[in-house]
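Written out below as structure tokens is the structure these notes cover.
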Amino acid sequence: MKLTIFAATGGIGRQLLQQAVAAGYDVTAVVRNPKKLSGEAARVVTADLAAPDPAVLESAVEGADAVLSGLGARSSAEAGVAWRGTQAIVQAMRATGVRRIVVVSAAPIGTVPSPGRPTPPRHDPGDGFFMRHLGARFAKTAFRKHYADLARMEEIVCDSELDWTISRPPKLTDKPLTGVYRTAYGQNIRGGFSISRADVAHHMLRALDQPQTIKQIVGVAA
């Protein structure tokens with residue numbers, strides 16, 4: 001299987017790249033700074049998704065069986081890169097006829113407004129008392145710009161005609177890969193407060209072999 005991985009030097013993107021190469025996939029890694037790569041056996045395409053070049057992105061996804069994206073803002077100043085970059089990725093996929101895409105978002109996004117969804121539900125059906133009344137409220141205040149960016153990104157993905165899957169993890173950690181975690185369609189995980197970046201990447205790659213995840217938002221947590 002041929003994969004194109006965007007933001008392949010980020011926290012989740014690096015895990016996607018390492019696990020995909022280890023599994024024997026034919027991988028194209030799309031990165032802003034190739035010097036941050038650690039010698040993984042992958043074709044490298046340099047692209048800045050804050051100011052994407054359509055021709056470069058089309059060359060990156062051409063011939064791929066699937067696209068995976070770990071794209072997300074690393075700071076408030078970068079907020080907007082997720083939706084703008086994903087919009088450019090979707091356009092490149094349309095131009096080249098590639099249909100399968102798996103992206104990472106965040107657990108609170110189901111309750112965050114976006115331009116096409118200005119009045120989302122107040123609570124995620126999978127959240128318990130703590131997350132409903134304290135955790136989610138704090139997170140949305142602390143990461144307001146990041147979450148607005150991801151909510152708009154999700155809207156772009158869901159409105160596309162592509163075969164998409166959105167992975168929504170809670171707090172991310174740098175713990176090692178376990179391959180053991182819980183998932184739920186269309187909602188968060190009750191009592192699921194964290195998950196490692198390695199396990200999120202594992203979940204995203206596993207979704208490629210699970211047609212039931214197509215056009216689904218999937219909560220994932222340890």
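The values are calculated or read from the model by the stated rules, or taken from the named source; none is laboratory data. As the structure is a computational prediction, the values presented were derived from the model and not from experiment. For neighbour counting, all protein chains shown are included, and Cβ atoms are generated from backbone atoms with ideal geometry for every residue, glycine included.
Kindly indicate whether Leu150 is among the aliphatic types (A, V, I, L, M), under 24 Å from Ser76 (Cα atoms) and at pLDDT below 90.
Here the answer is no, as Leu150 does not meet what is asked.
Of the residues in segment 39-58, how many are farther than 15 Å from Ala95 by Cβ, more than 20 Å from the chain's Cα centre (by Cα) and among the acidic types (Asp, Glu)?
1
Hey, any hits in segment 61-83 for a residue that's touching a strand residue (DSSP E or B) at 6+ places or on another chain (Cβ under 6 Å), of a type in the set (Val, Ile, Thr) and closer than 20 Å to Asp174 by Cα?
No: zero hits.
What's the total number of residues in segment 50-87 that are small (Gly, Ala, Ser), surrounded by 23 or more Cβ atoms within 10 Å (Cβ to Cβ) and over 19 Å from Ala20 (Cβ atoms)?
So the count comes out to 2.
Do you know which residues across segment 20-35 are within 18 Å of the chain's Cα centre (by Cα) and surrounded by fewer than 20 Cβ atoms within 10 Å (Cβ to Cβ)?
Pass one, segment 20-35, residues within 18 Å of the chain's Cα centre (by Cα): 20, 27-32.
If the condition is that a residue be within 18 Å of the chain's Cα centre (by Cα) and surrounded by fewer than 20 Cβ atoms within 10 Å (Cβ to Cβ), then Arg32 is the only one that fits.
Taking segment 142-177 as the search range and keeping residues that are in contact (Cβ under 8 Å) with a residue 40 or more places away in the chain and among the polar types (S, T, N, Q), which one is farthest from Gly80 (Cα to Cα)?
My answer is Thr165.
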